Amino acid sequence: GLLDTMRKRGIDTHLGHKVKAFEANRVITEGGEFDADLILFMPGMTGNAWFDDTPLPRSPGGLLQADEHCAVPGFERVFVAGDSGSFPGPDWMPKQAHMADLQAEAAATNLSDELAGRPAQATFKVELMCIVDSGDRGMFVSRTPRGSRVMPPSIVMHWLKRFFEWWYLRQYR
């Protein structure tokens, strides 16, 4: 998978330790220190500060709680999609635009149904799909409850990602 490919390219990973500090070309974690030429760090997500001023239920991480229909428990006709929500699902469920699109579709369908007097029944599919681009090659990575797939890096995936980004973002230009 992805970790195997990184290891073959000589990229060390340090997983499962909280970061204590960054220095120039150095990372200090609870598990030790190590030198680094390039540091990629993704902090955990928390909820928006204004959520504190609402009665909406929150997850331990501060996100809005949601059920499998994207509904916020205890609130009529209140739905959430994307990064603001904490949804039931596997630990690996991604916070990415593709997942937010799937959640938004379920939320919109359910809100429309409730406004028409029908119960909310739409759910979202849990899947991770992305192309990890390394500048001149791309590697397709996917995961669903049925399993995962990692394709070897190729120039085709690099150009496919470039095209997809152009296609997806054109609506905002």
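Figures for the structure shown
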read-out	value
Residue identified as touching a Lys or Arg at 6+ places or on another chain (Cβ under 8 Å), among the hydrophobic types (A, V, I, L, M, F, W, C) and farther than 22 Å from TYR168 by Cα among LEU115, LEU63, LEU102	LEU115
Selected residue [in contact (Cβ under 8 Å) with a residue 24 or more places away in the chain, of a type in the set (Phe, Trp, Tyr) and under 30 Å from PRO152 (Cβ atoms)] from PHE41, PHE124	PHE124
Filtered residue count, the range 136-149, keeping only those that are more than 17 Å from the chain's Cα centre (by Cα) and touching a residue at least 24 places away in the same chain (Cβ under 8 Å)	1
From PHE34, PHE41, residue being in contact with a strand residue (DSSP E or B) (Cβ under 8 Å, 6 or more places away or on another chain) and either in a helix (DSSP H, G or I) or farther than 30 Å from GLU165 by Cβ (or both)	PHE34
Failed condition for ILE131, given (1) touching a residue at least 60 places away in the same chain (Cβ under 8 Å); (2) buried (at least 17 other Cβ atoms within 10 Å of the Cβ)	(1)
Given (1) free of Cβ contacts under 8 Å to residues at least 60 places away in the same chain; (2) touching a Pro at 6+ places or on another chain (Cβ under 6 Å), index of the condition PRO119 fails	(2)
Considering residues of the range 74-107 that are of a type in the set (Phe, Trp, Tyr) and surrounded by fewer than 18 Cβ atoms within 10 Å (Cβ to Cβ) only, the residue nearest to PRO43 (Cα to Cα)	TRP92
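To keep it simple, each residue is scored yes or no on (1) without any contact (Cβ under 8 Å) to a residue 12 or more places away in the chain; (2) closer than 28 Å to MET139 by Cα; (3) over 20 Å from the mean Cα position of the chain (by Cα).
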{"residue": "THR13", "(1), (2), (3)": "yes, yes, no"}
{"residue": "GLY16", "(1), (2), (3)": "no, yes, no"}
{"residue": "LYS20", "(1), (2), (3)": "yes, no, yes"}
{"residue": "GLY47", "(1), (2), (3)": "no, no, no"}
{"residue": "ASP53", "(1), (2), (3)": "yes, no, yes"}
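Rule-based calculations on the coordinates, nothing more; no lab input. Computed from a prediction, not measured in an experiment: that's the story for all the values here. With ideal geometry, Cβ positions are generated from the backbone for all residues, glycine too; neighbour counts draw on all protein chains shown.
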